[in-house]
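Visitor: Got a structure for you, questions after.
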Amino acid sequence: MKRLITLAVALAMVLSLTSIAMADDPVTLEFWTWRPEDVAFYDEIIAAFEAENPDIKVNQTPIVNTEYFTVLASAMANQSGPDVMQMKCYGQLQSYIDSGYLVALDDLIPELSEFSDGARRGAASNKDGKIYGVPGWNQTMLCYYNVDIYNELGLSVPTTWDEFIANLQACKDAGYDGLANGTKEGWCVEFLFGGSCLGFTGANKFYDAVVSGETTFEDPAFVTAVNKMKELTPFMPDMYEGVAYTDMQASFTNGLAGHFVGGSYEYATFLSLNPDLNMDIFAVPNVDGEPGYVATYSDLNFSLSANSEKQEATIKFLKYLATKEFGQAAVEKLANVSMVPGVDASSQPFIAKVLKLQENATPYLFAVGFRYEQPTGSSLFQSAGQSFMTGEITAEELCKTVQDGIAAYYAPFQK
């Protein structure tokens, strides 16, 4: 009997010690991103977080961006996948909300109330208004220019549309492409328009009016803006309709083109391709007498999976991604415009310039306002835009295609 009691006590002690050991094991979170090029950055972020939270480990899984959402959607549908994930904004975010894949964060992360209205809009459902992500950073569509070419040709940053066209012509006359941009991929047409012509639409006034249904995409101002984009084709590369995105990047970074209309996200990539590239940025002038507009949009959020069974630890990690410390690191190491309140951009001159240009910003029209249902405004504009840029259709036909496609489901256009 005594031996049985002794064995029972010993077993109880072993079980107790095992339980304690298990309790001391850290919780492991799965964190997915679509940025393999940022692995080292997130390794540093994760290491800092784990140092403050030794009971939590974060396993980073980077997936190439062209495959990321296919893999993610499949995993989520099968009740698996990450605990925390990089998530797009606006319409793509909404599709994951509608599928029940994400958790609303308003009550879980009170710090979200301190973010700007624009940041919150990019992380919010357009149905229930709740926030489903910690805003990461935003992007700005603008124009890069090669400073060495400008110095060689005696050019100055343009202050009017005609001066911009004259600079493009000067580059072409000197044997450079005025613009590196091509149109092989439809999305490149959309960002060419967003980075150079939105001011001609009336910018914020037009955005508010078209979203509310007070005007349409057949508005003469929008037609004019589309026609302005066509004025750029003589300065684009030969056979620009076959020039792909990576070709555009290579052309600009190798000093073959004087300008590149694109996003602030290009900066770090350009430097990685050519660390000696002497470049700067400006807002393309639009209506004479008015400053040029840049188009802005929220780029990504960090979201909580509804499949996660480790919500307490996950919330701690998401709160860390909402800190000024993380936002400052994104500015200094990724050259991104962080949406975390209170971040100081003065240490990163490029970001400081972007923020200065954002003082005259308008929403990146289709991405912000018309990516919630199918066919999206972006898909309509991109496809019709490729046809327009090669002369197959007119600006009026492009605008009607966009209007009719969106009006099929968009209630304000059905009045």
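Visitor: Looking only at residues that are touching a strand residue (DSSP E or B) at 6+ places or on another chain (Cβ under 9 Å) and hydroxyl-bearing (Ser, Thr, Tyr) in region 183-220, which one is nearest to Tyr293 (Cα to Cα)?
Guide: Ser196
Visitor: Under 6 Å by Cβ, and 6 or more places apart or on different chains, what pairs join a residue from region 77-88 that is under 20 Å from Trp137 (Cα atoms) with one that is not hydrophobic (A, V, I, L, M, F, W, C)?
Guide: Qualifying pairs under 6 Å: Val84/Thr314; Met85/Ser303; Gln86/Thr33; Met87/Gly133; Met87/Asn301; Met87/Ser303.
Visitor: Any idea which residue in region 223-247 is surrounded by the fewest Cβ atoms within 10 Å (Cβ to Cβ), counting only those that are more than 19 Å from Ile165 (Cα to Cα) and either in contact with a Gly (Cβ under 9 Å, 6 or more places away or on another chain) or not assigned by TED's automatic domain parsing to the domain that holds Asp173 (or both)?
Guide: Filtering first and then ranking leaves Met239.
Visitor: Suppose we keep only residues that are in a helix (DSSP H, G or I) and surrounded by fewer than 20 Cβ atoms within 10 Å (Cβ to Cβ) within region 74-111. Which one would you say is nearest to the chain's Cα centre (by Cα)?
Guide: Among those residues, the one meeting the criterion is Gln92.
Visitor: Inside region 112-157, can you point out the residues that are without any contact (Cβ under 8 Å) to a residue 60 or more places away in the chain and crowded, with 24+ Cβ neighbours inside 10 Å?
Guide: Matches in region 112-157: Ala124, Ile131.
Visitor: How many of the residues in region 287-327 are of a type outside the set (Ser, Thr, Tyr), more than 18 Å from the chain's Cα centre (by Cα) and either surrounded by fewer than 22 Cβ atoms within 10 Å (Cβ to Cβ) or under 27 Å from Arg371 (Cα atoms) (or both)? Reasoning before the result, please.
Guide: Residues of region 287-327 that are of a type outside the set (Ser, Thr, Tyr), as a first pass: 287-292, 294-295, 299-302, 304, 306-307, 309-313, 315-319, 321-322, 324-327.
Of the ones still in play, those that are also more than 18 Å from the chain's Cα centre (by Cα) are 287-292, 304, 306-307, 309-313, 315-319, 324-325.
From what is left, the residues that are either surrounded by fewer than 22 Cβ atoms within 10 Å (Cβ to Cβ) or under 27 Å from Arg371 (Cα atoms) (or both) are 287-292, 304, 306-307, 309-313, 315-316, 318-319, 324-325.
Qualifying residue count for the region: 20.
Visitor: Kindly check whether there is at least one residue in region 259-267 that is on the phi < 0 side of the Ramachandran plot and more than 23 Å from the chain's Cα centre (by Cα).
Guide: No, the conditions are met nowhere in region 259-267.
Visitor: Can you go through Asp288, Asp299 and tell me which one is assigned to a loop (DSSP other than H, G, I, E, B) and either closer than 19 Å to Gly194 by Cα or among the hydroxyl-bearing types (Ser, Thr, Tyr) (or both)?
Guide: The unique qualifying residue is Asp288.
Visitor: While we're on this one: Counting residues that are on the phi < 0 side of the Ramachandran plot, among the hydroxyl-bearing types (Ser, Thr, Tyr) and free of Cβ contacts under 8 Å to residues at least 40 places away in the same chain, which helices (runs of 4 or more DSSP H) fully inside region 348-415 reach at least 1?
Guide: In region 348-415, the matching helices (runs of 4 or more DSSP H) lie at 377-389, 395-407.
The values are calculated or read from the model by the stated rules, or taken from the named source; none is laboratory data. These numbers come from a predicted model, not from an experiment. FYI the Cβ positions are ideal-geometry reconstructions off the backbone, even for glycines, and counts take in every protein chain you see.
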